[in-house]
Amino acid sequence: MGLVYINGEFIPTENAKISVFDRGLLYGDGVFEGIRSYNGSVFKLKEHLERLYASAKAVWLNIPLSFKEMEEAVLETVRVNNLRDSYIRLIVTRGAYGLGIDPWECKEGTVIIIADKIKVFPEEFYQTGLNAVTVATRRSPTDVLDPRIKSLNYMSNILARIEARIAGAAEGIMLNHQGYVTEATVDNIFFVKNGILFTPSVTLGALPGITRATVIELAKKELGLEVVEGFFTRYDLYNADEVFLTGTAVEIISVIKIDERIIGNGKPGEITQKIRKIFHEYANSGVAGSPVYGK
Ligand code: PMP
């Protein structure tokens, strides 16, 4: 049985409850992170917390813990759950204060940390690659809800996933209002063309993924690849040699079909497989992680 961190206390999972008045529930008024630990180290914890605090700042949300305290709380949650490899969900809401929308009375946020396991796609998809479609639901424009903010508002991502599933695909690729490719429902997107790695610029409307940043770094450093961030349309994806998705939960997975167009030779590409391999080696080596059990 697991223990969930809620506002400084570790509560057995079945008793881990928060108020029905919590604004995270009433309005999706909060921010969150999905983080992984590999082999006893929390991968890129500082980067995840930097993104969390940046999201909170953008939505005027005061996180009741200092950066250092939050770091320790995450490590302690993994520790008390005795997990070496885990998926960590860190949530900060604006707290529980009546039913009105005005956030001004909210003094203290709610902090929840869950350390568990996650399975996003069946294991076989990692061998075969998956089928994706572009969906009608657009990624939120930056002047509505900037997708760089990792807020609890995932309804458009969920609608995109529903559309994909109805179309018989595993994942949905979202465009922005100009028709540029942004990202998938819970992952960033990359494609390979003539040995160059391309990924949409996050300012088009995508989360600045920690896995995305890691892949860019490893592709340049370890594989000597040129990486281009820019504006791309569906045409670029259809005619790519390889397409893959990146995210903390998903890790790295090939896309072999988009809107019924076969990508490349219809199998996970060579560069994608190399990137998967070096990513896992890097994540498991602990060099980019905060050790859970001490050094
Ligand atoms: N885009 C969205 C919309 C996401 O929810 C996620 C998962 N956090 C990602 C991209 C990938 O980001 P990361 O690599 O930091 O998990």
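Just so it is clear, none of the values below were taken in a lab; they were calculated from the coordinates. Just so it is clear, the structure is predicted and the values come from calculations on it, not from any experiment. Cβ coordinates were reconstructed from backbone atoms using ideal geometry, including for glycine residues, and neighbour counts include every protein chain displayed.
Here are some notes:
- Among the chymotrypsin sites (Phe, Trp or Tyr not before Pro) in segment 253-295, those placed in a DSSP loop whose Cβ has at most 15 other Cβ atoms within 10 Å are Tyr293.
- Mean separation of Cα contacts under 8 Å (6+ apart) over length of the chain, as relative contact order %: 20 percent
- Shown for Val111, Val78: other C-beta atoms within 10 Å of each C-beta, ranked fewest to most, produce the order Val111, Val78.
- If you look at the Cα atoms of the chain, you get an Rg and a Dmax of 19.3, 57 Å.
- Each part gets one Cα centre, and for segment 144-173 versus segment 31-52 those centres are 22 Å apart.
- Cα-based reach from Lys257 at 23 Å (exclusive), listing lysines while leaving out same-chain residues under 8 positions away: Lys119, Lys193, Lys267, Lys274, Lys277
- The loop-placed chymotrypsin sites (Phe, Trp or Tyr not before Pro) in segment 144-225, going by DSSP, that have at most 16 neighbouring Cβ atoms within 10 Å of their Cβ come out as Tyr154.
- Placing unit charges on each Cβ (+1 for Lys and Arg, -1 for Asp and Glu) gives the chain a dipole about its Cα centre, and among His177, Tyr154, Phe121 the Cα reaching farthest toward its positive end belongs to Phe121.
- Most positive-pole-ward Cα, Ala54, Thr13, Phe67, against dipole of segment 1-83 from beta carbon charges: Ala54
- Here segment 75-219 yields Rg over Rh of 1.01, to two decimals, using C-alpha coordinates and the Kirkwood radius.
- In a reduced charge model with +1 at each Lys and Arg Cβ and -1 at each Asp and Glu Cβ, the chain shows a dipole moment near 240 debye about its Cα centre.
- Partner lysines for Lys68 [C-alpha distance under 27 Å; skip if fewer than 8 residues away on the same chain]: Lys17, Lys44, Lys46, Lys57, Lys107, Lys117, Lys150, Lys295
- Coil-residue chymotrypsin sites (Phe, Trp or Tyr not before Pro) of segment 1-96, DSSP, other Cβ within 10 Å capped at 11: Trp60
- Net charge contributed by nearby residues that have their C-beta within less than 15 Å of Asp146 (K/R +1, D/E -1): +4
- Principal-axis tilt of helix 210-221 within the chain, Cα atoms, nearest 10 degrees: 40 degrees
- When only alpha carbons of segment 160-295 are considered, Rg and Dmax amount to 15.0, 49 Å.
- In terms of overall dimensions, the C-alpha atoms belonging to segment 3-116 reach 44, 31, 19 Å along their principal axes, ordered largest to smallest.
- ³J(HN,Hα) computed for each position of segment 50-60 - Karplus, 6.51 cos²θ - 1.76 cosθ + 1.60, integer Hz, glycine/proline x: 4, 5, 4, 5, 5, 4, 4, 4, 5, 9, 6
- Taking the centroid of alpha carbons for each part, segment 88-119 and segment 245-278 are 34 Å apart.
- Cα-derived Rg over Rh, computed across segment 136-193 with Rh taken as Kirkwood radius: 0.96
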